[in-house]
Ligand SMILES: Cc1cc2nc3c(=O)[nH]c(=O)nc-3n(C[C@H](O)[C@H](O)[C@H](O)COP(=O)(O)OP(=O)(O)OC[C@H]3O[C@@H](n4cnc5c(N)ncnc54)[C@H](O)[C@@H]3O)c2cc1C
Ligand code: SF4
Ligand code: SF4
């Protein structure tokens, strides 16, 4: 992809590890496979998710919708950030 | 059993006579039991040759003949027709192949002659027990399937529809057009490819006799010439072409960008997209794999904005079954993978392009609006090196054959470049220029003389990036000097190879491919548009490298063969089919499983052959442990006697 100015949508995933109960829904249902379960423990003794492929987030916010504990959310990138993410 | 057999030995010019003593064959066979006449002639298939067979049948009251000549594939039909003209049942004529199976594979006349005698004698033994048969009449379906929607498939479909036939055109991609729609201008006249192709594509979509199935593939074919049953799988049409208004409201909201294959990955596209403005069917398409999941909770942005209500994530793929009389396979070509070309960077350098990418750069509807720019920095290249025969004519490492069209399209590319970049210089490395064709040589000469393209005769050994340029290391064999060029861009004229879809289609259609993977024709000279399977015809670059005029010729030729076939009210099916001896059959069903054409079923506990489906291959006869099933005129007794004739003496 060398020509044209199409930009992919891009979001930033923000995780609040201590609210997580380790259900793994976000990891399983992310359509672009951005997340994985971490090896570490949170305060409740669960493995919270972590971001493994930040560039692949297409800002669909499905993780935000599906998380039973409100432990994950996404912020949409600004125009210029999108440009650098799609390069 | 007394028979009156005639034996006719052909010289085939010197093809047979140089290695086989044909007179001796005729004389010896004349002594055999039941042979009442034998002779030899220089060309048995010529008019006087055939007439001599007819005369002998009448004069000597022959009831069977053996023609000792070339292969039955070539002339069995000829001589069966000749026999019928002499008043004999055509199935009392057999061919002894003493050319391919004897003369051509031997040098020693003293040994080849007795072998030819044995081959002929075996045929005499066989024909003694031949039954007189009548061909089986089969009704035909007057509907044709064309597979592949490139220029070959488009031309075939239009010609057929204009001749009054119903056509189903099956194309794998979302739009028809094939590679031709990707081209900018076409040699040798430099007329715009899209301008000559788009109207034909529209014609296809408007023709009431053509059913267009895009994003579809043939998954299974059963039946036989005149009566095929074809199953076509179509991807789910998430965008309804009837409703899509081409407003382009959906693409800006789609969050996904993937490489655009129609621009050879030079640009990107959304998960919902239209391949080209001129796409047929004229509709956007949703790429299931790139989409975030066809789930309105996850994304659904396109559906939200589509005012026409054309998008539906819940439609399912479908399978359609057609009854078809004949099939034209026009599945086209691909370029030889750059990944195999280690010396030119295996496709890793962005400014080493393939021919089709260069076409897109030159095209007014391409990524740059027709300006030649480097992919890496989008600057105008001032030195461009074109390398012909990239992967062609290199039997040791790549394809052995000549791809035939690259000399011409390279001359076109170099010319277009010189027209677009006035202060630029195009260099062409070539092995030799093959420009046979009307106006082709003149075109190449013009590119050298008027447009001042520099032609260098020799190979390029290596291309590598160096200081923002591409270093091209080659040799000019005419001056004997090594040449080094600091190029801004390199364009490879890669070999044309059969498309991936061609291999798949050949497998489904059960038709042969040649050593390079192109679809194999029934005879390289006399039957170039027929496959060996009855009712399946070939058109376009799937059969071998060719340019547009040749592709169009071949498509129309294939159509004329289809029309010949389907204009008869009934087709004749060979009566040399399997026959069951009920008294011996125990109903074990081994033959039912063995038959590749599913022609055998069990009826009242006995094997029953559907004669129309039976191809007479003999697999059942070889399988049956009770010798209860035999193919007419190739019975086990006949085979046994033929073997005895070959072994004895
Ligand atoms: C760089 C380049 C430049 C060229 N320039 C010129 C030129 O200037 N002048 C000229 O005369 N020729 C030119 N040609 C040659 C021209 O492109 C071909 O002659 C022509 O495209 C061949 O048409 P086709 O229909 O046989 O094959 P294709 O164009 O390859 O079409 C085949 C179609 O079949 C479809 N398909 C494949 N498999 C299946 C399947 N299993 N089921 C359903 N559909 C299937 C494909 O998707 C495709 O749409 C050029 C070629 C190249 C590579
Ligand atoms: S649903 Fe799919 S095609 Fe539609 S906008 Fe979202 S990702 Fe793109
Ligand atoms: S057509 Fe020309 S470039 Fe292509 S293989 Fe033949 S000689 Fe080489």
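The values are calculated or read from the model by the stated rules, or taken from the named source; none is laboratory data. Note that the structure is predicted; figures quoted are calculated from it, not measured. Here the Cβ positions follow ideal geometry from the backbone for every residue, glycine too, while neighbour counts run over all protein chains shown.
What to note about this one:
- Hey, residue B:316 free of Cβ contacts under 8 Å to residues at least 60 places away in the same chain, away from ligand 1 (no atom under 16 Å from the Cβ) and within 29 Å of residue B:213 (Cα to Cα) or not: no
- Taking region B:23-46 as the range and being assigned to a loop (DSSP other than H, G, I, E, B) and touching a residue at least 24 places away in the same chain (Cβ under 8 Å) as the test, the residues that pass are B:32, B:34, B:42, B:43, B:44, B:45.
Each row is one residue, and each column tells you yes or no for (1) under 34 Å from the mean Cα position of the chain (by Cα); (2) closer than 19 Å to residue B:128 by Cα.
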| residue | (1), (2) |
| --- | --- |
| B:59 | no, no |
| B:67 | yes, yes |
| B:103 | yes, no |
| B:112 | no, no |
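For (1) under 16 Å from the mean Cα position of the chain (by Cα); (2) at pLDDT below 95; (3) surrounded by 13 or more Cβ atoms within 10 Å (Cβ to Cβ); (4) over 17 Å from residue B:270 (Cβ atoms), each residue gets a yes or a no:
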residue	(1), (2), (3), (4)
A:8	yes, yes, yes, no
A:15	yes, no, yes, yes
A:40	no, yes, no, yes
A:72	yes, no, yes, yes
A:80	no, yes, no, yes
A:83	no, yes, yes, no
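- Residue B:305, sole failed condition from (1) within 28 Å of residue B:200 (Cβ to Cβ); (2) surrounded by fewer than 21 Cβ atoms within 10 Å (Cβ to Cβ); (3) more than 8 Å from every other protein chain (Cβ to nearest Cβ): (1)
- Qualifying residue in region B:287-301 (condition: more than 30 Å from residue B:354 (Cβ to Cβ), more than 8 Å from ligand 2 (Cβ to nearest atom) and touching a helix residue (DSSP H, G or I) at 6+ places or on another chain (Cβ under 8 Å)): yes
- Candidates B:545, B:549, B:569, B:596, filtered to the one that is in contact with a strand residue (DSSP E or B) (Cβ under 6 Å, 6 or more places away or on another chain) and on the phi < 0 side of the Ramachandran plot: B:545
- Index of the failed condition, residue B:199 passing every other in (1) outside any loop (DSSP other than H, G, I, E, B); (2) away from chain A (no Cβ under 14 Å); (3) at pLDDT below 95: (3)
- Scanning region B:278-302 for residues that are within 16 Å of ligand 1 (Cβ to nearest atom) and within 14 Å of chain A (Cβ to nearest Cβ) gives a single hit, B:287.
- Selection from region B:332-369 of residues that are within 13 Å of another protein chain (Cβ to nearest Cβ) and either part of a loop (DSSP other than H, G, I, E, B) or away from ligand 1 (no atom under 16 Å from the Cβ) (or both): B:349, B:350, B:351, B:363, B:365, B:366, B:367, B:368, B:369
- Residue B:420 away from chain A (no Cβ under 14 Å) and either away from ligand 3 (no atom under 16 Å from the Cβ) or surrounded by fewer than 24 Cβ atoms within 10 Å (Cβ to Cβ) (or both): yes
- Exactly one residue out of B:403, B:392 is under 23 Å from the mean Cα position of the chain (by Cα), over 15 Å from residue B:452 (Cβ atoms) and crowded, with 24+ Cβ neighbours inside 10 Å, and it is B:403.
Each row is one residue, and each column tells you yes or no for (1) free of Cβ contacts under 8 Å to residues at least 40 places away in the same chain; (2) buried (at least 20 other Cβ atoms within 10 Å of the Cβ); (3) more than 16 Å from ligand 3 (Cβ to nearest atom).
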site: B:127; (1), (2), (3): no, yes, yes
site: B:131; (1), (2), (3): no, no, yes
site: B:139; (1), (2), (3): no, no, yes
site: B:149; (1), (2), (3): no, yes, yes
site: B:165; (1), (2), (3): no, yes, yes
site: B:206; (1), (2), (3): yes, no, yes
site: B:223; (1), (2), (3): no, no, yes
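- Once region B:462-502 is narrowed to residues that are away from ligand 3 (no atom under 16 Å from the Cβ) and in contact with a helix residue (DSSP H, G or I) (Cβ under 8 Å, 6 or more places away or on another chain), the residue that is farthest from the other protein chains (Cβ to nearest Cβ) is B:502.
- Listed conditions (1) in contact with a helix residue (DSSP H, G or I) (Cβ under 6 Å, 6 or more places away or on another chain); (2) within 13 Å of chain A (Cβ to nearest Cβ) are all met by residue B:275, apart from (2).
- Test: residue in region B:634-648 that is part of a strand (DSSP E or B) and touching a strand residue (DSSP E or B) at 6+ places or on another chain (Cβ under 7 Å): no
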